[in-house]
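**Q** One structure is given below, represented as structure tokens, and several questions about it will come after.
The values are calculated or read from the model by the stated rules, or taken from the named source; none is laboratory data. Every value quoted in this text rests on a predicted model; they were computed, and no experiment measured them. Here Cβ is always computed from backbone atoms with ideal geometry, including for glycine, and neighbour counts include all displayed protein chains.
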Amino acid sequence: MIYQKFEPDQSLKPFVECYFAWESKIPLEKEMLIESPPNGFCSIVINSGDPYFLQNKKYNRLQVPQQFVSGQAIYSYKLFLNGMIEMVGVVFKPAALSTFWGLDGFLFVEERIDLFTVLTQEYVKKYFEIIKNAVGVVQKIKVLEEFLLHHFNVTKPQLDYIDTAANAIVEKWGMLHVQQLVKESCMSRRTFERRFFQKVGLSPKYYARIRRIGYVCSLFIGKKKVNWPEIFYEAGFYDQAHFIKDFEEFTGRSPQQYLAENTELANFVEKPKTQQLH
């Protein structure tokens, strides 16, 4: 399998983390299981390959729409893949569903919702048919970016402090004091938390916890043995019990079990480098 990442146009960087393309050259011989811890981002994905299924806390085996919007994942989730893999997508900054698209982030938590039921404009279907029929992942990504640039030029979205705060949590991997973000916002704590929840879909404190567990998982991808005290110290945990409690809450397993059973995408492909699209 091949997994590639691409940088967005400069004007879209405040809203877009990256684009990605994921494909197999030949059909899978049997069903493949891929899992992922929550990463703190939202996305739009276009699948030109065979249908696949999602398992998370909310769904046991959901057939994922061919084009969908996904919000925040609270817990680890699993994908069950069959046949040909051929998909491209855009990974959005944590508050961009609201800032860029005018959508309430909390409505998309733990969901994969058909894009055509969310964005009803005719030009959406036009662009996505072009993407599905485009030859090669680079051309698909270019059309996807044209779609975003069209929307950007029409709506002129503007960042606010909630975007800044959410992006700070991402950049610091959740290892910062939320109270400082509240102080810098010039809002009451209640107002800050309400607006953060509306745009991101989670409370700022809970979002920071998820992001920190994502960081922990990134430290042992592809490894069979790790120094656990070193990892939980590097991730800002004060003691082992706190570390294990949070890890089990968000992944459903102990750290050692997760390490032994890990089936994340990074174990099946070379670590992707982010490429320039332009």
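**Q** For the stretch 129-137, does any single residue satisfy the condition of being among the acidic types (Asp, Glu) and at pLDDT 95 or above? Even if it seems obvious, please write down each step before you answer.
**A** Within the stretch 129-137, the subset among the acidic types (Asp, Glu) is 129.
Add one more test, that the residue is at pLDDT 95 or above, and what stays is none.
The answer is no, given that none of the residues of the stretch 129-137 is among the acidic types (Asp, Glu) and at pLDDT 95 or above.
**Q** Please give the number of the condition Asn60 fails out of (1) polar (S, T, N, Q); (2) farther than 23 Å from Phe116 by Cα; (3) not in a loop (DSSP other than H, G, I, E, B).
**A** Single failed check for Asn60: (3).
**Q** Report yes if some residue within the stretch 120-133 is under 21 Å from the mean Cα position of the chain (by Cα), surrounded by 19 or more Cβ atoms within 10 Å (Cβ to Cβ) and in a helix (DSSP H, G or I); otherwise report no.
**A** yes
**Q** Take the stretch 149-169 and flag every residue that is part of a helix (DSSP H, G or I), in contact with a helix residue (DSSP H, G or I) (Cβ under 6 Å, 6 or more places away or on another chain) and surrounded by fewer than 19 Cβ atoms within 10 Å (Cβ to Cβ). Talk me through it step by step, then tell me what you get.
**A** Filtering the stretch 149-169 for residues part of a helix (DSSP H, G or I) gives 149-155, 161-169.
Subsequent filtering for residues that are in contact with a helix residue (DSSP H, G or I) (Cβ under 6 Å, 6 or more places away or on another chain) retains 161-163, 165-166, 169.
Tyr161, the sole residue that qualifies.
**Q** Within the stretch 85-119, work out how many residues are part of a helix (DSSP H, G or I) and either in contact with a strand residue (DSSP E or B) (Cβ under 6 Å, 6 or more places away or on another chain) or within 27 Å of Asn60 (Cα to Cα) (or both). So that I can check it myself, show each step before the final result.
**A** Keep residues of the stretch 85-119 that are part of a helix (DSSP H, G or I), which gives 96-99, 105-108, 115-118.
Still in the list and also either in contact with a strand residue (DSSP E or B) (Cβ under 6 Å, 6 or more places away or on another chain) or within 27 Å of Asn60 (Cα to Cα) (or both): 97, 105-108, 115-118.
Here the count works out to 9.
**Q** Can I ask one more? Could you grab the pairs with beta carbons closer than 8 Å, sequence gap of 6+ or different chains, first residue in the stretch 124-139 and over 10 Å from Ser48 (Cα atoms) and in contact (Cβ under 8 Å) with a residue 12 or more places away in the chain, second one of a type in the set (D, E, K, R) and not in a loop (DSSP other than H, G, I, E, B)?
**A** What qualifies is Tyr127/Glu146; Val137/Glu23.
Residue-wise test of (1) within 25 Å of Asp104 (Cβ to Cβ); (2) without any contact (Cβ under 8 Å) to a residue 12 or more places away in the chain; (3) of a type in the set (A, V, I, L, M).
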residue: Asp163; (1), (2), (3): yes, no, no
residue: His177; (1), (2), (3): no, yes, no
residue: Leu181; (1), (2), (3): yes, no, yes
residue: Glu193; (1), (2), (3): yes, yes, no
residue: Gln198; (1), (2), (3): yes, no, no
residue: Ser203; (1), (2), (3): yes, yes, no
residue: Val216; (1), (2), (3): no, no, yes
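**Q** Tell me, please, whether a residue that is surrounded by 15 or more Cβ atoms within 10 Å (Cβ to Cβ) and either modelled with pLDDT under 95 or out of contact with any Ser or Thr (no Cβ under 9 Å at 6 or more places or on another chain) (or both) can be found in the stretch 187-198. So that I can check it myself, show each step before the final result.
**A** Going through the stretch 187-198, the residues surrounded by 15 or more Cβ atoms within 10 Å (Cβ to Cβ) turn out to be 187, 192-193, 195-198.
Among the residues that remain, those that are also either modelled with pLDDT under 95 or out of contact with any Ser or Thr (no Cβ under 9 Å at 6 or more places or on another chain) (or both) are: 187.
Yes.
**Q** Could you list, in sequence order, the residues of the stretch 29-45 that are modelled with pLDDT under 95, outside any loop (DSSP other than H, G, I, E, B) and crowded, with 16+ Cβ neighbours inside 10 Å?
**A** Met32, Ile34, Glu35, Ser36
**Q** Does any residue of the stretch 6-20 turn out to be part of a loop (DSSP other than H, G, I, E, B), in contact (Cβ under 8 Å) with a residue 60 or more places away in the chain and β-branched (Val, Ile, Thr)?
**A** The first filter runs over the stretch 6-20 and keeps only residues part of a loop (DSSP other than H, G, I, E, B), leaving 7-9, 13-15.
This time we only want the ones that are in contact (Cβ under 8 Å) with a residue 60 or more places away in the chain, so: 7-9, 14-15.
This time we only want the ones that are β-branched (Val, Ile, Thr), so: none.
Looking through the stretch 6-20, none of the residues is part of a loop (DSSP other than H, G, I, E, B), in contact (Cβ under 8 Å) with a residue 60 or more places away in the chain and β-branched (Val, Ile, Thr).
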